[in-house]
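Q: Take a look at this one; I'll ask things after.
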Amino acid sequence: MAASDRGIGENQATLASADAESAEWLRTLGGSGAEREAAVERLHAILLRVAGNEVRRRAPRLRLSGPELDDVAHQAAADALLAVIAKLGQFRGESRFTTWVYKFAVLEVSAKLGRHFWRDPGVPLEGEDWERLPGRLGFDPAERSEWHDLLAALRRAVDEELTERQRQIFVAIVLKGVPADAVAVELGTNRNAVYKTMFDARRKLRAALVAGGYLDIGIRGRS
C-alpha cells in the first residue's frame, strides 16, 4: 500500500473512532472553502481564550500586564493555530479534539513567556520572589520566623555558589516559574539537561546551607 493510501486510511479510521464533535472538527478543518474558513476562525477563538487564560495565570511572575499580555496571548494563539492545522494528521481520537488542541496553546504560551524572561534575565529580583523560594524548595512553612536568615543565606548561595548557567536556569524555573521546556528551547538544549542542571544547583545550595548550619531548617534529607 502506498504511503498516501495509508494516510487516507488512517484519517478515515480516526474520523470513525472520534466522537461526533471531534470528527466534525477534523472534517471541516480538513476541507476547503467557506466552511473550512469558519472552522479555522472558531478554532482560533478557542485557542485565544485558552492562551489568554494561561497568560493571565502565569504573568504575575514575569510582571506582565496590559497590552503586552494581550500581545503574548494573540501570538501564542496564532502560532498554536498553525501548529494544530499542520498536525491534524497526528490526532488519533484518544481524547476530544478540543482537549488535544489545548496543549498547543499552553505550549506556545510557555515558550513565549519563557522568551520574555530570557530577553531580560538580569532584572533585579524582588523580595516577594525570594519569599516564595523556601516553599518551592520544600521548606516547612511553619518555620517562617526563621526564614529571614535562611533567605539571606540562600541569596548568597545562589550568587556565590552557582555557575552563571545554573543561576540562570534556577532563577528562571524556581523563582520566575518559566517552564523547563521553554528554558530548554531558549538555551538550545533538552529538558533532561535542564533537569540535570537544576539537580546540581539544588545540591550546591543544600551543601552551602549545611555548611552554614541551616540543615535543620526544613531541608533534612533533601538532595
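Q: Largest first, what is the accessible-area ranking of Thr189, Thr99, Thr28 with a 1.4 Å probe?
A: Details: Thr189 50, Thr99 80, Thr28 5 Å².
Reading off the accessible areas and sorting them downward yields Thr99, Thr189, Thr28.
Q: Right, another one. Estimate the FRET efficiency between Ala211 and Arg57 by the formula 1/(1 + (r/R0)^6), using the beta-carbon distance for r and 35 Å for R0, to the nearest 0.05. Intermediate values should be presented prior to the final figure.
A: Details: r = 38 Å, r/R0 = 1.08.
The pair Ala211/Arg57 has a calculated efficiency of 0.40.
Q: Multiply the residue separation of Asp19 and Lys87 by 0.36 nm, subtract the distance between their alpha-carbon atoms, and state the gained length in nm to one decimal. Show your work: numbers first, answer last.
A: Numbers: separation 68, 0.36 × 68 = 24.48 nm, distance 1.85 nm.
Roughly 22.6 nm would be gained on extension.
Q: Would you mind classifying segment 28-106 by shape? Square roots of the alpha carbon gyration tensor eigenvalues, ordered a ≥ b ≥ c; an a/c under 1.5 is rounded, otherwise it is prolate if a/b is larger than b/c and oblate if not.
A: Prolate, because a/c is 1.5 or more and a/b exceeds b/c.
Q: OK, next. Hey, which lysines would be in cross-link range of Lys103, C-alpha to C-alpha under 18 Å, not counting anything within fewer than 8 residues on its own chain?
A: By straight Cα distance, Lys103 reaches Lys87, Lys112.
The values are calculated or read from the model by the stated rules, or taken from the named source; none is laboratory data. Every value quoted in this text rests on a predicted model; they were computed, and no experiment measured them. Don't worry about glycine lacking a Cβ; one is built from the backbone with ideal geometry, like all the others, and counts go over all protein chains shown. We work out accessible area using only protein heavy atoms, side chains counted, and drop any ligands, DNA or RNA first. Shrake-Rupley method; radii C 1.70, N 1.55, O 1.52, S 1.80 Å.
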